[in-house]
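Novice: One structure follows; several queries about it will come next.
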Amino acid sequence: MIYLDQAATSFPKIKEVQDAVIDCMNHCTNANRSTSATSLNASRLIYQTRKLIKEYFHVPQDGCVVLNSGNTESLNTCIKGILKKGDHVITTTMEHNSVLRPLYRLEAEGKISLSFVPANADGCIAYEDFERLMTSRTRAVVCTHASNLTGNALDISRIASIAHRHGALCVIDASQTAGCLPINMETMGLDVVCFTGHKGLMGPQGTGGLCIRPGVEIAPFKVGGTGVQSYSRTQPEAYPTRLEAGTLNGHGIAGLGAALDFILETGVSAIHAKEKALMEHFYTGVREIPGVTVYGDFTHERAAIVSLNIREYDSGEVADALSQEYAIATRPGAHCAPRMHYALGTQEQGAVRFSFAYYNTEDEVDTAIA
């Protein structure tokens, strides 16, 4: 199989990740619950993975890394834990349902008001619209770093600057960029970065978290056992324990740590350069094929994604043919990005998404083009 659905989840997992998961299963138990050798192994492993995440995202000193099941949990935690009744939020047409649905729920409950920065037919936004939509009640800008449908990336440093000028927080969904593009919380001025571990970070599914700038207060989304302050009726106040109720996915975190070791040793710039070259090679090869329509802006920074349609064929029909006749894995349909499909005019047809990773090859791309 030629796997070109890396924006959904990275595959295959590198051997270092697989070995780390198995090793953890054999030598680690429950972190922070005992002084047994296996419990201490787990605690050290999780601590080391936090350090690697802080290094990758350049989390400010005294900032923290919270680990959880993935970016959907991270975004729900941030959105529910930061926003209060009467707050106004700005987001964009580019968003995934992991951003949209938590915001829609709070809006339907009458707790917040919501504004959208629109996207044009190429999936691009105008940064001036963030300024235009700001109000005295704007509490946060919550937006993606790059669209999971078009691959278009946003200048999150510029967005953070606009948000801060108006006293608002900047919360970033880095699902499609963590591990693929440089993200520096300090120099970019980001308040919260939500990430998943199983895409560009190359780790196992069921891993992820959020990086929090010092001074940002997030109320717990869930409460429960933490291994500390067991007689307290309330969740501990200190990060990361405040947002880490329950048993962490130690096996997954072991794999994520191994993946981060690989990424930091290889260099995110080298990873991005290869992924970008594969993406551009595919884009150049398909854009002039009669009947093919490619979506997105390929003149600016972007994730390694190319979404297209062939004539009027349903995207699911095309993806099925690619899979069954040519053993090429892609992603058709709506991609959990409904507002972007309306902007592109593809809400009925969907789109076929090809997405590339560091371990794909030019031969695979050539086969897909053919």
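The values are calculated or read from the model by the stated rules, or taken from the named source; none is laboratory data. No experiment lies behind these values; they were computed from the predicted model shown. In this analysis, Cβ positions are derived from the backbone assuming ideal geometry, glycine residues included, and neighbour counts consider all displayed protein chains. Just so you know, the surface numbers come from the protein's heavy atoms only, side chains and all, with ligands and any DNA or RNA stripped out. Shrake-Rupley method; radii C 1.70, N 1.55, O 1.52, S 1.80 Å.
Novice: Does residue 251 count as under 29 Å from residue 368 (Cβ atoms) and in contact (Cβ under 8 Å) with a residue 60 or more places away in the chain?
Specialist: No, not satisfied.
Novice: Still on this model: For residues that are part of a strand (DSSP E or B) and among the aliphatic types (A, V, I, L, M), scanning just the range 159-192, find the one that is farthest from residue 279 (Cα to Cα).
Specialist: The qualifying residue farthest from residue 279 (Cα to Cα) is 169.
Novice: Within the range 199-213, work out how many residues are open to solvent by 10 Å² or more (accessible area, probe 1.4 Å) and within 16 Å of residue 304 (Cβ to Cβ).
Specialist: 2
Novice: Moving to a separate point now. Conditions first: (1) in contact with a Ser or Thr (Cβ under 7 Å, 6 or more places away or on another chain); (2) at positive phi; (3) exposed (fewer than 15 other Cβ atoms within 10 Å of the Cβ); (4) of a type outside the set (Asp, Glu). Residue 229 passes all but one, so which condition is the exception?
Specialist: (1)
Novice: Could you list all residues from the range 276-322 that are among the aromatic types (Phe, Trp, Tyr) and either open to solvent by less than 30 Å² (accessible area, probe 1.4 Å) or assigned to a helix (DSSP H, G or I) (or both)?
Specialist: 282, 283, 295
Novice: What number of residues within the range 232-275 are surrounded by 13 or more Cβ atoms within 10 Å (Cβ to Cβ) and in a loop (DSSP other than H, G, I, E, B)?
Specialist: Looking only at that region, the number is 9.
Novice: Same structure, new question: Would the range 325-338 turn up any residue that is over 26 Å from the mean Cα position of the chain (by Cα) and either open to solvent by 60 Å² or more (accessible area, probe 1.4 Å) or basic (Lys, Arg) (or both)?
Specialist: yes
Residue-by-condition table, conditions (1) under 27 Å from the mean Cα position of the chain (by Cα); (2) surrounded by 17 or more Cβ atoms within 10 Å (Cβ to Cβ):
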| residue | (1), (2) |
| --- | --- |
| 21 | yes, yes |
| 24 | yes, yes |
| 27 | no, no |
| 40 | no, no |
| 50 | yes, yes |
| 55 | yes, no |
